[in-house]
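Data first, discussion second: the structure below is written as structure tokens.
The values are calculated or read from the model by the stated rules, or taken from the named source; none is laboratory data. Keep in mind the model is a prediction, meaning the values are calculated, not measured. When we count neighbours, we look across all protein chains shown, and the Cβ atoms used for this are built from the backbone with ideal geometry, even at glycine. We work out accessible area using only protein heavy atoms, side chains counted, and drop any ligands, DNA or RNA first. Shrake-Rupley method; radii C 1.70, N 1.55, O 1.52, S 1.80 Å.
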Amino acid sequence: MKLKLRNVFLVYFLVSIAGLFYALVQLGQPCDCLPTLRAAVEQLRQKDLRISQLQADLRRPPAVPAQPPEPEALPTIYVITPTYARLVQKAELVRLSQTLSLVPRLHWLLVEDAEGPTPLVSGLLAASGLLFTHLAVLTPKAQRLREGEPGWVRPRGVEQRNRALAWLRGQGGAIGGEKDPPPPGSPGVVYFADDDNTYSRTLFEEMRWTRGVSVWPVGLVGGLRFESPRVQDGRVVGFHTAWEPTRPFPVDMAGFAVALPLLLAKPDAQFDAAAPRGHLESSLLSHLVDPKDLEPRAANCTRVLVWHTRTEKPKMKQEEQLQRQGRGSDWAVEV
């Protein structure tokens, strides 16, 4: 029994000596944990550096906020809007005028499809508080839509937009508001805003510094959620559109703006009433710029800031019935 205990003790002693010897040997070997330790130390150092930076920022006096340009220093946005008499005309012009009133340094060119000014439009302009020019020109009978024809059969607003361009070029014709066109060399941008669309005021600041022709998406148009230029590396390389994508400029009237100096330098640039369907925009833009030189706006054409939201034509069956009975609405009340 004594021998066995002695043997056990001897084995235990030898194993202990071997373990101690192995530990001493390992002390001189490289440790696999060193990369992890170094990473942890570097992370702590970066955190300490960030804390020091934040403490320095807190001690630094607040920066003086950048002052926005004075309105007088901004290029003027000339908004050209054709309009015609209909039941919803006033409602749509009120909506548009109140959007435009939010935009500084804006001049509204409202052009009636009429032989002369109407009291409704004249009164609305006077009450709008906007800087405006009131123009009027009647669409020739041959260009007018016939009863029952869909709106896309003939281009609309051609004569009215061209009359506004003529005024900008110093050819007169104003019947109300500001009658003098901008002097030569004035900075500005021209935008064609129909009265039945919906506009974000952000859109007008996007277009304000246009150098040539700027472009952006338009929502709810062309049978799509939106139509838009396609942009790559900050340049327009194509167009997202479903209908006749081979047009020279497959863009909507609400989807571009033109620098005023460029328009004035191209006196022949105007809309062509004889342009094929969908080519009205191209008939103007082809005189002004190459598609590759278009200037994408609205975060490289990834934000929709204008929508086609045509107001539904009101149904007047009850009104017509009351009129036959001699009890119709008072026509002296402007709607």
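Working from label points 7 Å from Cα in the Cα-to-Cβ sense, the LYS266 to ARG146 distance is 3.4 nm.
Which shape class applies to the stretch 177-221: rounded if a/c is under 1.5, otherwise prolate when a/b exceeds b/c and oblate if not, where a ≥ b ≥ c are the square roots of the Cα gyration tensor eigenvalues? Because a/c hits 1.5 or more and a/b fails to exceed b/c, the stretch 177-221 counts as oblate. Taken along the Cα-to-beta-carbon direction at a fixed 7 Å, the label points for SER101 and TRP209 span 2.9 nm. When MET316, MET207 are compared by accessible surface with a 1.4 Å probe, the order from highest to lowest is MET316, MET207. In this structure LEU106 has an accessible area near 10 Å², from a 1.4 Å probe over the protein heavy atoms. The largest accessible area among TRP152, TRP167, TRP243 belongs to the first residue in TRP152, TRP243, TRP167, and the rest follow in falling order (1.4 Å probe, all chains).
How large is the accessible surface of TYR191 in square angstrom, using a 1.4 angstrom probe and rounding to the nearest 10? Looks like 0 Å² after rounding. Counting only protein heavy atoms and using a 1.4 Å probe, the accessible area of SER52 comes to about 60 Å². DSSP assigns beta bridges within the stretch 109-255; of those with both partners inside it, close to 70 percent run antiparallel. Within the stretch 298-335, list the GluC sites (Glu not before Pro) lying in a DSSP loop whose Cβ has at most 11 other Cβ atoms in a 10 Å radius. Those satisfying the criteria are GLU312, GLU334. Distance between the C-alpha centres of the stretch 227-243 and the stretch 248-263: 14 Å, rounded to the whole angstrom.
Here r is the Cβ-Cβ distance between THR198 and ARG324 and R0 is 41 Å; the resulting FRET efficiency, rounded to 0.05, is 0.70. Normalised radius of gyration (Cα atoms, divided by 2.2 N^0.38 Å) for the stretch 97-204: 1.13. Across the protein chains, with a 1.4 Å probe defining accessible surface, the residues ASP113, ASP180 rank ASP180, ASP113 from largest area downward.
For LEU74, neighbours were defined as the other residues whose beta-carbon sits under 12 Å from its Cβ, and their charges (Lys and Arg +1, Asp and Glu -1) total -1.
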